[in-house]
Amino acid sequence: MNGTTTIAEFRDAVLDPAKRAHYRLAWLSTVDHKRIAVLYMLTALVFFVIAGVEALFMRLQLAIPNNHFLAPDTFNQLFTMHGTTMIFLVVMPVVFGLANYVLPLQIGARDMAFPRLNAFGFWCVPFGGILLHFSVLAGGAPAVGWFSYAPLSETPYSSSPGVDYWAVALFVLGIGSISFAINTIATVISLRGPGMTIRRLPLFTWINFVNAFIIIFALPVLNANLAMILVDRQLQGHFFLPIGGGSPVLWQHIFWAFGHPEVYIMALPAFAIVSEIIPVFSRKPIFGYEFVAASSVAIAVLSLGVWGHHMFTVGMGRPLDVFFAISSMLIAIPTGVKVLNWTATMIGGRIRFDVPMLFCIAFLIQFLVAGITGISHAVVPLDWQTKNSYFLVAHFHFVAVGAIVFAVIGGLQYWFPKMSGRMLSERLGKWTFWLMVIGFNMTFVIQHFLGLLGMPRRVYTYPDLPHWGWMNMVSTSGVFFMSAAALILVWNLATSFFRGKVAGDNPWDAWTLEWATTSPPPHENFVALPPIRSRRPLWDIANPDRPDPIVGENSTAVTLPNHNKIGILSFILSEAGFFAALILAYLYFYARPEAGPGPRELDVPRTLLFSVCLFASSFTFWRSEVALTKQRRGSILGWLALTILLGGIFLVGQGTEYWKLFQTGVDLSTNMFSTTFFTLTGFHGLHVLMGLIALLIFLWMAWEGDFVSSRFGSAFKSVGYFWHFVDVVWVFVLLTVYILPLIR
């Protein structure tokens, strides 16, 4: 609902056919961050229902021993689709939706930095979800698990197109997630209101800001992995097929280099929600703001170096086992700091046990259990015993459901009044809470004991061994309690939207800026911003006799960088991660020489000549930027045309090298070298082509004389950053692929 739309106007729009058509179109074409946020959350709700049905069928299959309710392949398909849907189509969209709605309001911004990119990021979600589930109609859903381990995901073992749909869908969803992260970083850095310094950011905004950097580093790694599996399946590559010299272990390394940061991509927004709600309902500022903020950064950094604890049973060797065991223990420290801060905030506070606070308390308890069981997986011998058992299933769900879902529901209860102008029913909220707590613990606590009794995970049925049957029946029964909780939550949201008690602007007596505007907010978010001198500006207004201490310099003059520059640099950072994964894959196989064509087949002198052309194009582009600052149209056209010519010569040079290799019988499917060479240089060539298309657009605009505006200059500089980045990437590719073999 638009901030300026009343409930009565909404009803009229729903009942009148002409208004209804316009209203639908306005929602489908919106670039307003609040509407996009609602669309994110509604989409997540749809896929939550789908994932819930998939989980229900799996638990019915596992309710009793030796059950044949589902065929093995059907179970594997449900297992794959449920995991993928919950992670990529439920948890990530709902936390992105909450951040999309609240973050601009908390920093005093009118919208996200790039509204159209924001809309694009959202539409990637339903498109990716449709692609994933269309696989059911196109030969069968993928049956390889949400982690899609190779070589099971390779064509000889999974010949149906389900894995291809899975990979393309995740690639699309990854692009959407990166778009959201770029937008978040640019918004926080460039669009903060007067007086909103970095040190005054609400913790919800700060933690989501930090989380955006994890997305920027982690999702491109996944996309590189997906590109490689698609090359294997569609172009007969050899990245992960042992018979062709590939390595299934490489898939695990790259996947979990994304997969474990992904846990924190889901968990950090939950931490952000809890860090916002607990102080409000404890009537105290958060204890140790700086520690909570710093521990979020520590988690982000450490999360990128702990993936190996998923692979202790692979046999990586003692040095790697020791490294990943230590890093996995270290990451528990900043996480534990947060738990202590939240607990200390409640101690001595005047706690109000409203529904949002109840969910946060449940989050604390469930997350503490998840953390204790999680630490056990840093102990290599214990991990070996429990890795492939239901103990790990229970631990994962304590994080993904016990922590994240409880926090997200608490966040919905907390911010729903701001989004709708109506209060949710407290009575129905408590029914939701207790049913969810009972159902969750019935389902997953007992799975720890099942795992310790030896029940393996990833099985569609099991023998009638002592205690396994009744424990699985209890676990399945809990699902029905959680289903009832979900139904009551949806009913509460729907009925309260129309008939709920009017909320007012600040029903919780909260302190951050989103509560300084109307409920729901107007299109531009604020009529005027209150003065911002501390981390709780609304507290300062309500309590002028005892305001919070001023944080930082007491000035409203905050110098903010250009959002286009921040956006393109964030995009370049993500692309650097993508190319880093491809280069490391090349080096991984280069260290294991094999017979057949290799680097000696490459024409190094000719490639060096074409490389000089590409490097020179950075200089010519810089000259065109100088000409732009001096408004010399002829010089702009000349230098820009020369840049395009030099980039085109480089692409032609790469094309002739490909043609020479093809003539000698070397193509992408020949061996491991050709697979890695064509993939790495091909993606670089694609980026060069994208840059040339952008430069041609600017050349046409300059020809038409449309180069005077500051908007042209800002966009032109952004393309320049990208073009220079493409040149820098080629430096690394040239050294790795062409020069390193000469030195060796």
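The values are calculated or read from the model by the stated rules, or taken from the named source; none is laboratory data. This structure is a prediction, so every number in the text was calculated from the model and none was measured. Glycine also receives a Cβ, built like all others from the backbone with ideal geometry; neighbour counts cover every protein chain displayed. Only protein heavy atoms, including side chains, enter the accessible area calculation; ligands, DNA and RNA are left aside. Shrake-Rupley method; radii C 1.70, N 1.55, O 1.52, S 1.80 Å.
The phi torsions of the range 630-637, fed into the Karplus equation with coefficients 6.51, -1.76 and 1.60 and a -60° offset, translate into couplings of 8, 6, 9, 4, x, 5, 4, 4 Hz, rounded to whole numbers, with Gly and Pro shown as x. Over the range 83-199, Cα pairs under 8 Å with separation of 6+ residues give a relative contact order of 39 percent.
Among the trypsin sites (Lys or Arg not before Pro) within the range 307-371, those in coil by DSSP and having at most 14 neighbouring Cβ atoms inside 10 Å are 350, 352. Within the shell of other residues whose beta carbon sits under 15 angstrom from the beta carbon of residue 610, the net charge comes to -1, with Lys and Arg scored +1 and Asp and Glu -1. Computed from backbone phi, the HN-Hα couplings of the range 28-41 come to 5, 9, 5, 10, 6, 4, 6, 5, 4, 4, 5, 4, 4, 6 Hz, rounded to whole numbers (Karplus: 6.51 cos²θ - 1.76 cosθ + 1.60, θ = phi - 60°; Gly and Pro given as x).
Between the amide H of residue 422 and those of 503, distances stay under 5 Å, these residues lying 5 or more places away or on another chain, with hydrogens modeled in the peptide plane. For residue 389, the amide hydrogen comes within under 5 Å of the amide hydrogens of 457, counting only partners 5 or more places away or on other chains and with H modelled in the peptide plane. Set Lys and Arg Cβ to +1 and Asp and Glu Cβ to -1, take the dipole of the chain about its Cα centre, and tell me which of 333, 578, 392 lies farthest positive. In the chain, that residue is 333.
Counting charges near residue 133 (Lys, Arg +1; Asp, Glu -1) among other residues having Cβ under 15 Å from its Cβ returns a value of -2. Remark: relative contact order (the range 600-743) = 30 percent; criterion is Cα-Cα distance under 8 angstrom and separation of 6 or more residues. Placing +1 on the Cβ of every Lys and Arg and -1 on the Cβ of every Asp and Glu, with nothing else charged, gives the range 596-744 a dipole about its Cα centre of roughly 380 debye. Mind sorting out which of (1) 66, 28, 27; (2) 42, 37, 24; (3) 63, 41, 20 is the real semi-axes √(5λ) of the Cα gyration tensor in Å computed from the coordinates? Here semi-axes √(5λ) of the Cα gyration tensor in Å agrees with entry (2). Simple rule: put +1 on each Lys or Arg Cβ and -1 on each Asp or Glu Cβ in the chain, find the dipole, and look at 194, 70, 92; the Cα lying farthest toward the positive end is 194. Protein heavy-atom surface of the chain, 1.4 angstrom probe: 71% of the accessible area is carbon and sulfur, with nucleic acids and ligands not counted. Eigenvalues of the alpha-carbon gyration tensor of the range 352-438, scaled by 5 and square-rooted, set the equivalent ellipsoid semi-axes at 33, 11, 10 angstrom, largest first. Applying a DSSP loop filter and a limit of 10 other Cβ atoms within 10 Å to the trypsin sites (Lys or Arg not before Pro) in the range 592-676 leaves 630.
Non-local lysine pairs in the chain, meaning eight or more places apart or on different chains, with alpha-carbon distances under 19 Å, amount to 6.
Out of 644, 730, 661, whose Cα points farthest toward the positive end of the dipole of the range 600-743 (charges: +1 Lys, Arg; -1 Asp, Glu; placed on Cβ)? Value computed over the given set: 644. What you get for the chain, charging only the Cβ of Lys and Arg (+1) and of Asp and Glu (-1), is a dipole of about 1220 debye around the Cα centre.
Placing 483, 158 in order of accessible area, with the largest value first and a 1.4 Å probe, yields 483, 158.
Per-residue SASA remark: residue 572, around 30 Å² accessible (1.4 Å probe; ligands, DNA and RNA not included).
Below 8 Å, C-alpha to C-alpha, sequence gap of six or more: please give me the relative contact order for the chain in percent.
For the chain, the relative contact order is 15 percent.
A 1.4 Å probe run over the protein chains yields, for the range 264-335, 35 Å² of accessible area per residue, whole-number rounding. Taking a sphere under 14 Å around the Cβ of residue 198 and counting the other residues whose Cβ falls inside, with K and R at +1 and D and E at -1, yields a net charge of +2.
For residue 158, the amide hydrogen comes within under 5 Å of no other amide hydrogen, counting only partners 5 or more places away or on other chains and with H modelled in the peptide plane. Helical content alone sets the calculated 222 nm signal of the chain at -23000 deg cm²/dmol, taking -39,500 (n - 2.57) per DSSP H segment of four or more residues and averaging over every residue.
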